[in-house]
Amino acid sequence: MLGPDAGASGDLYELFLKEVVRDVTQKAGQKCTAIRRLLLPAEHAATVRDDLAGLLSQTKVGNPAEEDVRMGPLTNAAQLADVREGVERLGAEGRLVAGGAKPPLPKGYFLSPTLFEFALGAKADAVHAREVFGPVVSILPYMGNPAALVAKGGGGLVCSLYSEDAAWLEESVAGIAPFHGRLYIGHPKIELSPGPGTVLPQLVHGGPGHAGGGEELGGKRALAFYLQRVALQGSRPLVQGLAKAGTPA
């Protein structure tokens with residue numbers, strides 16, 4: 001989610017572009033936290049589209065062992081076929097801006113970084129209902145607050161927000177928190193930012209709905225998945241002795 005105040009210039013905007021490109025191309029988009037939907041203020045959507053299309057088109061795809069290659073192949077033929085089917089579904093409702101085809105490489109399961117755009121107010125069922133597990137991202141313009149648009153995804157692992165408008169962030173966080181396990185607020189002054197796609201062990205990683213309804217990581221909270229709680233009932237002296245508790249049972 002790009003806030004209206006971030007516009008289409010400045011340090012925050014540059015961070016947004018950098019992190020979107022990284023998340024779309026890292027592991028060829030084959031990770032659960034990769035960015036799939038870009039919610040952009042309608043007044044800036046065209047500029048963002050053109051900037052992203054240029055950056056994604058410059059991404060060299062090929063053998064990751066080569067120093068100048070920035071994106072490798074998909075896992076196997078079945079994965080490539082599934083991603084291509086998803087691209088076709090997106091193309092039936094939206095407009096292909098960049099990518100969508102295999103680069104001119106002799107062999108391998110490659111797909112160019114792919115960008116779609118949808119019209120303001122478009123139903124965009126394919127975007128919200130199906131996650132294309134590859135280097136594919138879709139632009140969805142919005143006016144006002146995009147929380148309702150986010151909710152159409154049915155729940156996700158992480159949502160990232162780029163804004164310095166405290167009021168907009170407060171409203172957005174309150175609106176989208178029920179649909180995500182983690183919210184990431186990007187800012188250019190955060191040193192060594194891992195970006196929204198990186199999961200740290202101290203953070204809860206999970207989410208409701210399409211995210212699976214589960215939870216992983218979260219520091220000490222993660223230990224609860226390996227423990228079993230048992231209710232011990234009996235006389236107070238006995239229970240205190242058995243549990244070695246220092247407080248009344």
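The values are calculated or read from the model by the stated rules, or taken from the named source; none is laboratory data. Please read all numbers here as calculations on a predicted model, not as lab measurements. Here Cβ is always computed from backbone atoms with ideal geometry, including for glycine, and neighbour counts include all displayed protein chains. Protein only, heavy atoms only, side chains kept; ligands, DNA and RNA dropped before computing areas. Shrake-Rupley method; radii C 1.70, N 1.55, O 1.52, S 1.80 Å.
Before moving on, here are some points about what is shown:
- Filter pass, VAL132 being under 13 Å from ALA28 (Cα atoms), assigned to a loop (DSSP other than H, G, I, E, B) and in contact with a helix residue (DSSP H, G or I) (Cβ under 9 Å, 6 or more places away or on another chain): yes
- Taking each residue of segment 83-104 that is without any contact (Cβ under 8 Å) to a residue 12 or more places away in the chain and looking for partners that are open to solvent by 20 Å² or more (accessible area, probe 1.4 Å) and not aliphatic (A, V, I, L, M) with beta-carbon atoms closer than 7 Å, six or more apart or interchain, yields ALA101/SER112.
- Test: PRO141 is more than 20 Å from GLY29 (Cβ to Cβ) and either in a loop (DSSP other than H, G, I, E, B) or at pLDDT 95 or above (or both): yes
- Residue under evaluation ALA167, criteria (1) loosely packed, with under 12 Cβ neighbours inside 10 Å; (2) in contact with a Lys or Arg (Cβ under 7 Å, 6 or more places away or on another chain); (3) not polar (S, T, N, Q), criterion not met: (2)
- When each of GLY197, GLY181, GLY154, GLY234 is tested for being small (Gly, Ala, Ser) and either open to solvent by 100 Å² or more (accessible area, probe 1.4 Å) or part of a strand (DSSP E or B) (or both), the lone residue that passes is GLY181.
- Among the residues here, ASP50 does not qualify as more than 27 Å from LYS123 (Cα to Cα) and surrounded by fewer than 15 Cβ atoms within 10 Å (Cβ to Cβ).
- Number of positions in segment 58-116 that are among the charged types (D, E, K, R), part of a loop (DSSP other than H, G, I, E, B) and in contact with a strand residue (DSSP E or B) (Cβ under 8 Å, 6 or more places away or on another chain): 2
- Take the conditions (1) modelled with pLDDT of 95 or more; (2) open to solvent by less than 60 Å² (accessible area, probe 1.4 Å); GLY7 misses just one of them, which is (1).
- Within this structure, VAL127 fails the test of being more than 24 Å from ALA81 (Cβ to Cβ) and at pLDDT 90 or above.
- Residues of segment 89-140 satisfying the condition of being closer than 26 Å to ALA211 by Cβ, in contact with a Phe, Trp or Tyr (Cβ under 8 Å, 6 or more places away or on another chain) and either open to solvent by 10 Å² or more (accessible area, probe 1.4 Å) or of a type in the set (Ser, Thr, Tyr) (or both): GLY91, GLU93, GLY94, VAL127, SER138
- Every residue from segment 141-150 that is free of Cβ contacts under 8 Å to residues at least 60 places away in the same chain and open to solvent by less than 30 Å² (accessible area, probe 1.4 Å): ALA147
- Count of segment 151-169 residues, restricted to those that are touching a residue at least 40 places away in the same chain (Cβ under 8 Å) and small (Gly, Ala, Ser), is 6.
- Residues considered: GLU66, GLU85, GLU14, GLU43. Of these, the only one that is of a type outside the set (S, T, N, Q) and closer than 17 Å to PRO194 by Cα is GLU14.
- Scanning segment 61-83 for residues that are surrounded by 12 or more Cβ atoms within 10 Å (Cβ to Cβ), modelled with pLDDT under 95 and of a type in the set (D, E, K, R) yields one hit, ARG70.
- GLY175 being more than 23 Å from ASP11 (Cβ to Cβ), out of contact with any strand residue (DSSP E or B) (no Cβ under 8 Å at 6 or more places or on another chain) and either of a type in the set (Phe, Trp, Tyr) or free of Cβ contacts under 8 Å to residues at least 12 places away in the same chain (or both): no
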